[in-house]
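The values are calculated or read from the model by the stated rules, or taken from the named source; none is laboratory data. Predicted model only: the values in this text are computed from it and were never measured. Don't worry about glycine lacking a Cβ; one is built from the backbone with ideal geometry, like all the others, and counts go over all protein chains shown. Note: areas computed on protein heavy atoms with side chains; ligands, DNA, RNA excluded. Shrake-Rupley method; radii C 1.70, N 1.55, O 1.52, S 1.80 Å.
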Amino acid sequence: QVQLVESGGGLVQAGGSLRLSCAASRRTISSYAMGWFRQAPGKEREFVAAISGSGITTYYADSVKGRFTISRDNAKNTVYLQMNSLKPEDTAVYYCAGRHITIATKEIPNYNYWGQGTQVTVSS
């Protein structure tokens, strides 16, 4: 079992930056692929970014490619999402997720563990 806790959300103006963190309770998460997802009001949860257990492989949604960067520090059991050039359409609750397989995936059903989410609001 893995507990995931997100932090770093907040209110930022368009064009600004935020860095989200996801702290995992498990001592070692190198065997877990991790992902970030988001859900805006009235919309379905959608994929944002994913990273393999080793950190070598990453995937991004087209809408964030070139602006967001996912990374991980397995020694600190933490995954990050650096968000630059934020847009109002990035406003959502952002969720961290993990799966007990090292291969990253964009598919929500493949993730076993979820955090409670952190709100990101981008004002225009």
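When the residues of the range 90-106 are filtered to those that are in a loop (DSSP other than H, G, I, E, B) and within 13 Å of the chain's Cα centre (by Cα), the one that is surrounded by the fewest Cβ atoms within 10 Å (Cβ to Cβ) is K106.
Looking at R26, is it within 13 Å of the chain's Cα centre (by Cα), on the phi < 0 side of the Ramachandran plot and among the basic types (K, R)? Answer is no for this residue.
Can you confirm whether R99 is touching a Ser or Thr at 6+ places or on another chain (Cβ under 6 Å) and among the charged types (D, E, K, R)? Let's see the steps before the verdict.
Working: touching a Ser or Thr at 6+ places or on another chain (Cβ under 6 Å): no; among the charged types (D, E, K, R): yes.
When the stated conditions are applied, R99 does not pass them.
Among the residues of the range 36-48 satisfying the criterion of being in contact (Cβ under 8 Å) with a residue 24 or more places away in the chain and in a strand (DSSP E or B), which is most open to solvent (accessible area, probe 1.4 Å)? Among residues in the range 36-48 that are in contact (Cβ under 8 Å) with a residue 24 or more places away in the chain and in a strand (DSSP E or B), the one most open to solvent (accessible area, probe 1.4 Å) is Q39. The conditions of being in a loop (DSSP other than H, G, I, E, B), touching a His at 6+ places or on another chain (Cβ under 9 Å), of a type outside the set (D, E) and closer than 21 Å to I108 by Cβ are not met by S63.
Quick check on this structure: which one of T102, T58, T69 is among the hydroxyl-bearing types (S, T, Y) and farther than 20 Å from E6 by Cα? Walk me through it before giving the result.
Values: T58 fails: farther than 20 Å from E6 by Cα; T69 fails: farther than 20 Å from E6 by Cα.
From the options T102, T58, T69, the qualifying one is T102.
Taking the range 2-35 as the range and being touching a residue at least 60 places away in the same chain (Cβ under 8 Å), over 22 Å from L86 (Cβ atoms) and part of a loop (DSSP other than H, G, I, E, B) as the test, the residues that pass are V2, Q3, I29, S30, S31, Y32.
Of all the listed residues (I51, I56), the sole one being surrounded by fewer than 16 Cβ atoms within 10 Å (Cβ to Cβ) and among the hydrophobic types (A, V, I, L, M, F, W, C) is I56. Taking the numbered list (1) open to solvent by 40 Å² or more (accessible area, probe 1.4 Å); (2) in contact with a helix residue (DSSP H, G or I) (Cβ under 9 Å, 6 or more places away or on another chain); (3) among the hydrophobic types (A, V, I, L, M, F, W, C); (4) not in a loop (DSSP other than H, G, I, E, B) in turn, V122 passes all entries but (1).
Could you go through the range 76-86 and let me know if any residue there is in a strand (DSSP E or B) and open to solvent by 80 Å² or more (accessible area, probe 1.4 Å).
No, the range 76-86 contains no residue that is in a strand (DSSP E or B) and open to solvent by 80 Å² or more (accessible area, probe 1.4 Å).
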